[in-house]
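These notes are about the structure you will find just below.
Bear in mind these aren't lab numbers, they're just calculated from the coordinates by the rules spelled out. As the structure is a prediction and not an experimental result, all values here were calculated from the model. Every residue, glycine as well, gets a Cβ built from its backbone with ideal geometry; the counts of neighbours run over all protein chains shown.
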């Protein structure tokens, strides 16, 4: 029998997962899935979808690079570093798959031209940028906190919409692509749960994890909204836009 | 029909073949859309015109000729020639 002493972060993990599941119940990606199912999805929209998802996955190298600098020797058991390495490898595989598919469909002739395509550009003053910088800023926190905020937040939401898309997306290849990513994304959520249960125990850490989890979930949902609007050709949402002074470093 | 294939019993999934194939813009090495995410070589492969992946592959026997099943890692002498190391531009 497992006691709460052995799993000090169990309640937090459960709470974070519940919040993410609630956020994942309806996301902007549902509109993308519905449009695809209704047969209203053009080739260009399909390109837009893969391009935006690829852009995000590419930027994860930048995020994980920052995080990796903050894993201190012997701070956690070797399993934690291993799980983090696996997560980097898996997200890199997903990035490669998205790139493969766009090249295979000849939406760009080469990877270099794909990097230069307007659909795949990373803009700093966008919601994708906001989400990425939010994740990168987690490098300032211990690894257990950022795994709590990311793997039990946006990763759980990603798992939910990927499951729906994988089940119902009519294009066979893209259906297979999303389907093949499910096992790894699910594993990231489970890895996050394991790490939070074991290693988030101090009251200050619990509070930080809750607060940062809420921020990353919010920013990820903004990213999804921006992506869905771009894919479906809807006007950009301006309400609630945050403006930043140019002289802030 | 691809002229090369990957022997997954020997491949270490180091991704060097993927990286170099992307770099020279042939894009024949792809991640299979299965849950194992194995690397595969598709019909865009121009072997024996290009042999660049063979030069970088560190795992002996992990890339083989599709028709003959012959291992080409490390590259046999006849593919290790100056005019086959890189796709030649016309």
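Against the main long axis of the alpha-carbon atoms of chain A, helix A:10-24 sits at an angle near 20°. Relative to the longest principal axis of the Cα atoms of chain A, the long axis of helix A:78-104 lies at roughly 0 degrees.
Taking each DSSP H run with n ≥ 4 as -39500 (n - 2.57) and averaging over every residue of chain A yields -24000 deg cm²/dmol at 222 nm. Modelled spin labels at residue A:202 and residue A:110, positioned 7 Å past Cα toward Cβ, are 5.1 nm from each other.
Once the C-beta distance of residue A:71 and residue B:68 is scaled by a Förster radius of 45 Å, the resulting FRET efficiency is 0.45 to the nearest 0.05.
Take each residue of peptide A:92-99, count the partner chain Cβ atoms within 10 Å of its Cβ, and average: the result is 4. Given axes a ≥ b ≥ c from the Cα gyration tensor, I'd like to know whether region A:105-187 is rounded (a/c under 1.5), prolate (a/b larger than b/c) or oblate. Oblate shape, in that a/c is at least 1.5 and b/c is the bigger or equal ratio. Here region B:22-46 and region A:93-133 have alpha carbon centers that stand 18 Å from each other. Here the gap between residue A:21 and residue A:171, fully extended at 0.36 nm per residue and compared with their Cα-Cα distance, gives a gain of 51.4 nm. Overall form of region A:113-249: oblate. Here a/c, set by the Cα gyration tensor axes a ≥ b ≥ c, is 1.5 or more, and a/b is not larger than b/c. To the nearest ten degrees, helix A:203-232 and the longest principal axis of the Cα atoms of chain A are 0 degrees apart. Apply 1/(1 + (r/R0)^6) to the Cβ-Cβ distance of residue A:82 and residue A:234, taking R0 = 45 Å, and write down the FRET efficiency to the nearest 0.05. FRET efficiency, residue A:82 to residue A:234: 0.60.
The convex hull drawn around the Cα atoms of the protein assembly as shown, when projected onto a plane and averaged over every direction, covers 21.4 nm².
Helical content of chain B, expressed as a calculated mean residue ellipticity at 222 nm, amounts to -3500 deg cm²/dmol (DSSP H runs of 4 or more residues, -39,500 (n - 2.57) each, divided by residue number, nearest 500).
Note on region B:4-84: Kirkwood radius taken over Cα pairs, Stokes-Einstein applied at 37 °C and 0.692 mPa s, translational D equal to 260 µm² s⁻¹.
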